[in-house]
Amino acid sequence: MVRLNNRKEKIRNILVPIIAVLLGFVLGGIIMAAFGYSPITGYTQMFRTVFINGQTGGLNARNIGEIFVTSGPLIFTALGFAVANSAGFFNIGLSGQALAGWVASIWVALAMPDAPRLVVLPLAVIVGALCGAIAAAIPGFLRAFFGTSEVIVTIMMNYILLYTGNHLVNNVMSESMITTKGVTKMVGENASMQTPFLASITSNSRLNLGIFLALIFLVLVWFLMKKTTLGYEIRAVGLNPSASEYAGMSSKRTIIISMIISGTLAGLGGVVQGLGTFENFFVQGSSLSIGFDGMAVSLLGSGSSIGILLSALLFSILKLGGQGMQFAGIPSELVDVNIAIIIFFVAISFVIRFLLAKIFDGKKEALVVQEIEAQPNDQDQEGGTI
């Protein structure tokens, strides 16, 4: 079979998400215009809200800090989705696993109000990550040994963990940890990921150590998946479990381990949300949005570490800027429409790849793209290259 030139393939892999984003903005603008709003005014206000200080006309340090605040948890949940996807299945339970990490980390922090920072903060992070791992290990075990659908189990686990977390806050946690029913006290400085230095350089934004932890894990997960035997086994099982078994790999063990890693990452996303963004926990009415948004971030970034970073930043800009669109009289919900449209174009990336090949390389090259896309590949089976 004729293979595409590697250079052309890499260029297409870069162009597809860029084109998807551009098409999302264009189609989003058309929808704005259809409802009587000015797309130019809306997008201008969006980016001005994010980057420009309305009073001084300079950079808006606070909002720029908030971009990274929002990006931290998204990076963790996106990495969690990408690892599970590399093993060949969808972890839809990222929201529940993140919530487990959030509740656990806050509980540890409030239980140790006088402990040194070097003790309580690492302990709270580790416990939160472990709770996320345990929450993910259950559907992983059921999938590996009983063949249950991980999609159904993880979706149901979201509800179980959601209402369990609410029950713990309402009925189990000590009264000394609660301010009002359903809302915990704020964690002390010894357990907070926010620091006076980061607040001072970003005009008192909530920028915290979580984004730096997320950047570290971007590198660690890349190293795990590309440079270790375990990472190779995860990708191999995702491509072909039967062939992996024949080669001496345990697909059951690999599925469970990959799910545990995925849950650990999601749990860390919840930890950053709790100890970094809000510094407390409060009863949730629905599953955490960072779980489902993280899936979208991973898809847009093709599962790669650099792609996930850029996608998380883009999502944060869209969400923060969407609030500013209201000043132009445009409903911020249209930002969610833009995000959905972008993901839609990513989902039909084959069409974009096919058109790129046909436009720049002719009909023959387009047929080659069609032939390759019809077969299993990294994007379809592994959620991209980490």
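For this structure, a couple of remarks:
- Test for LEU220: is it under 17 Å from the mean Cα position of the chain (by Cα) and open to solvent by 60 Å² or more (accessible area, probe 1.4 Å): yes
- Some residue of the range 295-307 being part of a helix (DSSP H, G or I), open to solvent by less than 10 Å² (accessible area, probe 1.4 Å) and closer than 17 Å to GLY96 by Cα: no
- Set side by side, the residues THR49, THR56 differ, and just one is open to solvent by 10 Å² or more (accessible area, probe 1.4 Å), of a type outside the set (Phe, Trp, Tyr) and not in a helix (DSSP H, G or I), which is THR56.
Condition check ((1) open to solvent by 10 Å² or more (accessible area, probe 1.4 Å); (2) assigned to a helix (DSSP H, G or I)) across all residues:
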site: GLU66; (1), (2): yes, yes
site: ILE92; (1), (2): yes, no
site: GLY101; (1), (2): no, yes
site: ALA109; (1), (2): no, yes
site: PRO113; (1), (2): yes, no
site: VAL119; (1), (2): yes, yes
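- In the range 186-198, residue surrounded by the fewest Cβ atoms within 10 Å (Cβ to Cβ) [restricted to those that are within 26 Å of the chain's Cα centre (by Cα) and under 23 Å from ASP114 (Cβ atoms)]: THR195
- Spans of helices (runs of 4 or more DSSP H) in the range 202-285 with at least 2 residues of a type in the set (Ser, Thr, Tyr) and touching a Pro at 6+ places or on another chain (Cβ under 9 Å): 251-271
- SER258 falls short on exactly one of the conditions (1) over 22 Å from VAL151 (Cα atoms); (2) surrounded by 21 or more Cβ atoms within 10 Å (Cβ to Cβ), and that condition is (1).
- Single residue of the range 320-359 satisfying the filter (over 25 Å from LEU15 (Cα atoms) and outside any helix (DSSP H, G or I)) that is least open to solvent (accessible area, probe 1.4 Å): ILE330
- For the range 159-180, the candidate set comprises residues that are of a type in the set (S, T, N, Q) and open to solvent by 50 Å² or more (accessible area, probe 1.4 Å); within that set, the residue that is farthest from GLY276 (Cα to Cα) is ASN171.
One line per residue, one yes/no per condition, for (1) more than 30 Å from GLY303 (Cα to Cα); (2) in contact (Cβ under 8 Å) with a residue 40 or more places away in the chain:
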site: MET177; (1), (2): yes, yes
site: GLY188; (1), (2): yes, yes
site: MET193; (1), (2): no, yes
site: PRO196; (1), (2): yes, no
site: PHE217; (1), (2): no, yes
site: TRP222; (1), (2): no, yes
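- Against the list (1) without any contact (Cβ under 8 Å) to a residue 24 or more places away in the chain; (2) within 27 Å of PRO122 (Cβ to Cβ), the condition ILE308 fails is (1).
- Condition met for VAL183 (surrounded by fewer than 18 Cβ atoms within 10 Å (Cβ to Cβ), of a type in the set (A, V, I, L, M) and in contact with a strand residue (DSSP E or B) (Cβ under 8 Å, 6 or more places away or on another chain)): yes
- Total residues in the range 124-158, condition over 17 Å from ALA266 (Cα atoms), open to solvent by 50 Å² or more (accessible area, probe 1.4 Å) and of a type in the set (A, V, I, L, M, F, W, C): 5
- Considering only residues in the range 270-294 that are open to solvent by 10 Å² or more (accessible area, probe 1.4 Å) and touching a strand residue (DSSP E or B) at 6+ places or on another chain (Cβ under 9 Å), the one that is nearest to ASN53 (Cα to Cα) turns out to be THR277.
- Taking the range 68-90 as the range and being open to solvent by 10 Å² or more (accessible area, probe 1.4 Å) and over 16 Å from the mean Cα position of the chain (by Cα) as the test, only GLY88 passes.
The values are calculated or read from the model by the stated rules, or taken from the named source; none is laboratory data. In this text the structure is predicted, and so the values were computed from the model without any measurement. Quick reminder, even Gly has a Cβ in these numbers, built from the backbone with ideal geometry, and neighbours come from all protein chains shown. Accessible surface areas use protein heavy atoms only, side chains included; no ligands, DNA or RNA. Shrake-Rupley method; radii C 1.70, N 1.55, O 1.52, S 1.80 Å.
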